[in-house]
Amino acid sequence: MAKKASSKSAPGISPIDLTPDPRWRVILLRGKDAFLRLDVTARIREALIAEHGEVDSFSFDGQKDAVADVLDECRSFGLMQQHKLVVVDSADQLVKEDSRPIIERYAEKPCEDATLLLRAERWNPGKLDKLIAEVGVVCKCDGVDAREAFTWIGTNCKARHGVPIDRAAGQLLVDRLGPDLGRIDSELGKLAVSAGKGITADLVAEMVSTSKQEDPWSIQSVLLSGDATAILHQLRLVLDNAPRDAHIPVIFAYSDLAKKLHGMAIANSQRLDPATAAGRLKLWGPARNTLIQLAPRLRPRRTRVLLQACLEADQGMKSGLGEPHRVLERLGLRFAAIVR
């Protein structure tokens, strides 16, 4: 009998927290990060091989192949009675209105000799997600944050590239590249060639150039975290690694975010649905969902004061008043206090 998902395996588990279980019979990997989808797939295949020995793998394209063909492969017996891993890419195209009930019935009683792995960049959640979680797992592959990227490096560096990495080197790598696991893994491969017995912070400093910190707009996602330490750390990275006068686009990013927070606060005070408010304010990108989640906690009086402080700081810095680093640090702490 397939293992029922625990509370930790409820729909939406992070790939970093995922420990593949060979008893899972239906798995959904949904999200835009192709590297994560492939990484989790490799870990699932390894778990199945460890449990069953050799595993037959079959690939389908949800845009071209029929649902009947996919499920027939799951149910048919292999010549050597080996366990099957049936992978469907673009699974959102396979699981449409007319075929979704068929997949739901399969998820209610999956074949014991096959693991059905659905992978999709886009996905419409519903009843099927809950059914999958009963016999497998739903994993969000929309990228990771800096903490998760650091954890991933420590867990995977030696296994993937043959050399260990010390903690300081892992942290510096995240600081310089951001939490892009695809690029991090590529850089680890390069570092491993020159690492000798292990990857050190000195080697990372020598071989890996800064990328993420050159973008002043990267500060917005950290401001929304409410983590004062992370905000000050990210601000220093942005200002220290960006071209001269980087404080100008940074204060513009501050003011832009303050306007969004104030708009969501006003909408909340008027009891407007946060998602509707986000649409009217034309919010987009990763910050949109965070602002929707924060909306119930926002108060117009506090966000108005924050917005005014940002606008005054902008004017002050343009007039040469105040030391930009200190002004931006103080404003960053005010953001942390509001969104915490």
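Those helices (runs of 4 or more DSSP H) of segment 267-340 in which 2 or more residues are among the β-branched types (Val, Ile, Thr) occupy 286-294, 300-318, 324-339. Contact map, segment 87-104: first residue over 12 Å from residue 66 (Cα atoms) and touching a residue at least 24 places away in the same chain (Cβ under 8 Å), second residue basic (Lys, Arg) and surrounded by 16 or more Cβ atoms within 10 Å (Cβ to Cβ), Cβ cut-off under 6 Å, separation 6 or more or different chains; pairs are 89/119. On the given criteria, is residue 253 of a type in the set (A, V, I, L, M) and at pLDDT 85 or above? So residue 253 fits the description; yes. The condition (being surrounded by fewer than 17 Cβ atoms within 10 Å (Cβ to Cβ) and either assigned to a helix (DSSP H, G or I) or of a type outside the set (S, T, N, Q) (or both)) is satisfied by just one residue among 170, 154: 154. The lone criterion from (1) at pLDDT below 85; (2) hydrophobic (A, V, I, L, M, F, W, C); (3) out of contact with any helix residue (DSSP H, G or I) (no Cβ under 8 Å at 6 or more places or on another chain) left unmet by residue 193 is number (1). Is at least one residue of segment 257-266 under 23 Å from residue 174 (Cα atoms) and modelled with pLDDT of 85 or more? Checked against the condition, which is being under 23 Å from residue 174 (Cα atoms) and modelled with pLDDT of 85 or more, segment 257-266 yields no hits at all.
Against the condition modelled with pLDDT of 90 or more, within 19 Å of residue 333 (Cα to Cα) and assigned to a helix (DSSP H, G or I), how does residue 232 come out, does it pass? When the stated conditions are applied, residue 232 does not pass them. Listed here are the strands (runs of 3 or more DSSP E) enclosed by segment 39-143 that have at least 3 residues being at pLDDT 95 or above and out of contact with any strand residue (DSSP E or B) (no Cβ under 6 Å at 6 or more places or on another chain), and there are none. Contact map, segment 313-328: residues that are under 21 Å from residue 220 (Cα atoms) and modelled with pLDDT of 90 or more paired with residues that are of a type in the set (Asp, Glu) and part of a helix (DSSP H, G or I), Cβ distance under 9 Å, separation 6+ or inter-chain. No pairs are found. Counting the residues of segment 173-204 that are of a type in the set (Val, Ile, Thr), over 27 Å from residue 219 (Cβ atoms) and in a helix (DSSP H, G or I) gives 1. Count of segment 259-286 residues, restricted to those that are surrounded by 20 or more Cβ atoms within 10 Å (Cβ to Cβ) and in contact (Cβ under 8 Å) with a residue 60 or more places away in the chain, is 1. With respect to (1) at pLDDT below 90; (2) in contact with a Cys (Cβ under 7 Å, 6 or more places away or on another chain), the lone exception for residue 240 is condition (2).
For residue 245, the conditions (1) part of a helix (DSSP H, G or I); (2) more than 25 Å from the chain's Cα centre (by Cα) are fulfilled apart from (1).
Looking only at segment 123-144, residues that are under 15 Å from residue 95 (Cβ atoms), among the basic types (Lys, Arg) and in contact (Cβ under 8 Å) with a residue 40 or more places away in the chain come to 1 in all.
The values are calculated or read from the model by the stated rules, or taken from the named source; none is laboratory data. Given the structure is predicted, the values throughout are model-derived calculations rather than measurements. Ideal geometry is used to build each Cβ from the backbone, glycine not excepted, and the neighbour counts take in all protein chains shown.
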